[in-house]
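Take a look at the structure below.
Since every read-out is calculated from the coordinates, none of them should be taken as a lab result. Note that the structure is a prediction, hence the values are computed from the model and not measured. Cβ placement follows ideal geometry from the backbone for every residue including glycine, while neighbour counts extend to all protein chains displayed.
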Amino acid sequence: MWDLFDENFFNVIKDPNSWKNFRLTGITCGLETGLLQSDRKEIIGKKLYNRNYDRNEIEDILERYYELKNLIGDENLKKNVCSNIGNPRSYYLNNTLLNFDDLYHVYAFWQINRFFKTSNKNILEIGAGYGNLAQKFIKNSDCKYFIIDIPESLVIQHYYLKINHPECKLQKISSIKDSLDLSNDVFLIPCFFYEIVKELKFDLVINMRSFGEMNSVIIDQYFDLINNVLINDGFFYTVNRYVTYRGKNIIKIKDYPFGSNWTQIISQPQWLQTHLHEFLLQKIEKPNIGFDKILKSFPDRTPPPGPLTKNYSLNTWVKDNKVS
């Protein structure tokens, strides 16, 4: 997938004038929901996406917004929606910016924070898109945030996080000989230097939608890292397709080398996307046979994406079931 960063991509990111609209230029295709990887060659360096959603998209995002509001509450939703940095495709509802990709990150941030307190914690994200979820953690806590990703994505994350948080002290690793300066707040680490964090300990590790893009050798390496750097009782939040097809290779969650030392806090198809599984796991000292059984129960083929769920309130349930 990541061999598609062509000359047009590098021409766009070298142009200072392009960054104001970077979420419309095509450089985040494949990094955010709604901007398809297949669109990259048609958009990047040639034209901009239409900033405003069309009528069908507005109906769709409003349905998702109200569903999420019903799930997590208005306060949790509005205070964590993304900024307009990068001029994302969006629709404004009463001055609240709504973007498809962002709603999923608002949901993920809420899920994690129901169980995990972020203050004074070390957080590692493997594959961070353009930096949306990282920005929410930085905005809401004084954590140390480490990102391991491909260099092309790190460039975008650097811009997005620095513009959103100019006060943030950010370190970019450019060589395996570099040392981490832990007086900084955010650390951007190229994936081929991932071992630079192996001597650290983390309270939370995150991976959303990218393990399926890797081959089994790289997945093994990352899980070995996760199992070694995550503290006992630490949390691992991961959302990925049940099955991903990469040519002749088939990547299944049930085959990920988790190991058995986990207890599941959340284990379910992801909100609105039932072809993805959402895990919030907590590391434990003793093996958990039940966790192995959960993995074995996962399907060998990816289920179809789930439909939007109905905004189903308690009052509606009472009415439908004729409960007094």
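Note down the net charge around LYS14, summing +1 for each Lys or Arg and -1 for each Asp or Glu among other residues with Cβ under 14 Å from its Cβ. It would help to have the intermediate numbers written out before the result.
Values: positive: none; negative: ASP6, GLU7, ASP15, GLU152.
Value of the local net charge: -4.
What Kirkwood radius, in Å to one decimal, follows from the Cα pairs of the stretch 121-274? Let's see the in-between values first.
Details: mean 1/r = 0.0615 Å⁻¹.
Over the stretch 121-274, the inverse of the mean reciprocal pair distance is 16.3 Å.
For SER179, SER90, SER260, which order do you get if you count the other beta carbons within 10 Å of each Cβ and list the fewest first? Before the final figure, lay out the partial values.
Values: SER179 9, SER90 21, SER260 13.
Fewest-to-most ranking of SER179, SER90, SER260: SER179, SER260, SER90.
With only Lys, Arg, Asp and Glu charged, each at its Cβ (+1 for the first two, -1 for the last two), find how big the charge dipole of the chain is about the Cα centre; round to the nearest 20 debye. Write down the numbers at each step before the final one.
Details: 40 positive and 38 negative charges, 101 e Å.
The calculated dipole for the chain is roughly 480 debye.
So, in nm, how far is label ASP6 from label LEU182 when the simple model puts each one 7 Å beyond its Cα toward the Cβ?
Simple spin-label model gives 4.6 nm for this pair.
With the dipole of the chain worked out from charges on the C-beta (+1 for Lys and Arg, -1 for Asp and Glu) around the Cα centre, which of LEU281, ILE218, PRO16 lies farthest toward the positive end?
Farthest towards the positive pole: LEU281.
State, as an integer percentage, the relative contact order of the stretch 165-254 based on alpha-carbon contacts under 8 Å between residues 6 or more apart.
Numbers: 104 pairs, mean separation 22.4, N = 90.
Over the stretch 165-254, the number comes to 25 percent.
As an exercise, find the ratio Rg/Rh for the stretch 61-171 from alpha-carbon atoms, using the Kirkwood inverse-distance average for Rh. Present the calculation step by step, with values, prior to reporting the outcome.
Working: Rg = 13.9 Å, Rh = 14.6 Å.
A ratio of 0.95.
Tell me which aspartates and glutamates have Cα within less than 14 Å of LYS177's Cα, excluding those fewer than 8 residues away on the same chain?
GLU195
Would you mind checking the stretch 280-303 for residues with the amide N under 19 Å from a putative spin-label position 7 Å along Cα→C-beta of THR263?
What the label zone holds, given the 19 Å backbone N cut-off, is 280-295.
Return, for the Cα atoms of the chain, the radius of gyration and Dmax in Å, separated by a comma.
19.9, 69
Below 14 angstrom from the Cβ of ASP54, what's the summed charge of the other residues (Lys, Arg +1; Asp, Glu -1)? Don't skip to the end; give the middle numbers.
Numbers: positive: ARG51, ARG55, ARG89; negative: GLU57, GLU59, ASP60.
Residues close to ASP54 contribute a combined charge of 0.
For the stretch 1-48, what number results from the quotient of the Cα radius of gyration and 2.2 N^0.38 Å? Intermediate results must be reported in sequence, preceding the final value.
Details: Rg = 9.7 Å, N = 48, 2.2 N^0.38 = 9.6 Å.
Compactness ratio reported: 1.01.
Could you pull the Rg and Dmax for the stretch 55-99, using just the Cα atoms, both in Å?
Rg then Dmax for the stretch 55-99, in Å: 10.4, 28.
Quick one: order HIS158, HIS277 by neighbouring beta-carbon count within 10 Å, fewest to most.
On the way: HIS158 16, HIS277 24.
With the sparsest Cβ surroundings first, the list reads HIS158, HIS277.
What does DSSP give for the chain in terms of the percent of beta bridges that are antiparallel, rounded to the nearest 5?
Here the antiparallel bridges make up roughly 50 percent for the chain.
Please give every one of the lysines within straight-line cross-link reach of LYS78, meaning a C-alpha to C-alpha distance under 21 Å, and leave out same-chain neighbours fewer than 8 residues apart.
The qualifying lysines are LYS69, LYS117, LYS136, LYS139, LYS310.
If you place +1 on the Cβ of every Lys and Arg and -1 on the Cβ of every Asp and Glu, how big does the dipole about the Cα centre of the stretch 206-276 come out, in debye to the nearest 20?
Numbers: 6 positive and 5 negative charges, 73 e Å.
Charge dipole of the stretch 206-276: 360 debye, to the nearest 20.
With a cut-off of 8 Å between alpha carbons and a minimum separation of six or more residues, what is the relative contact order of the stretch 55-99 in percent?
Working: 22 pairs, mean separation 15.4, N = 45.
Computed value for the stretch 55-99: 34 percent relative contact order.
Which is farthest toward the positive dipole end of the chain among ILE176, ILE231, GLY73, measuring Cα position about the Cα centre, with Cβ charges +1 (Lys, Arg) and -1 (Asp, Glu)?
Farthest towards the positive end: GLY73.
Counting pairs of alpha carbon atoms under 8 Å apart in space and at least six apart in sequence, what relative contact order in percent does the chain give? Working shown, then result.
On the way: 516 pairs, mean separation 37.9, N = 324.
After rounding, I find 12 percent.
Loop-only check: which trypsin sites (Lys or Arg not before Pro) in the stretch 236-277 are DSSP coil with at most 10 other Cβ within 10 angstrom?
Numbers: sites: ARG241, ARG246, LYS248, LYS252, LYS254; in loops: LYS248.
Here the trypsin sites (Lys or Arg not before Pro) that fit, given the DSSP loop and packing criteria, are LYS248.
Under a no-solvent Debye model with one identical scatterer per Cα of the stretch 264-308, what's log10 I(q)/I(0) at q = 0.28 Å⁻¹?
-1.08
Could you calculate the FRET efficiency of LYS293 with SER216 from 1/(1 + (r/R0)^6), where r is the beta carbon distance between them and R0 is 25 Å, rounded to 0.05?
Working: r = 22 Å, r/R0 = 0.88.
The formula returns an efficiency of 0.70 here.
How would you rank LEU31, LEU71, going from fewest to most other Cβ atoms within 10 Å of each one's own Cβ? Please list the in-between numbers first.
Details: LEU31 23, LEU71 15.
Listed from fewest to most nearby Cβ atoms, that is LEU71, LEU31.
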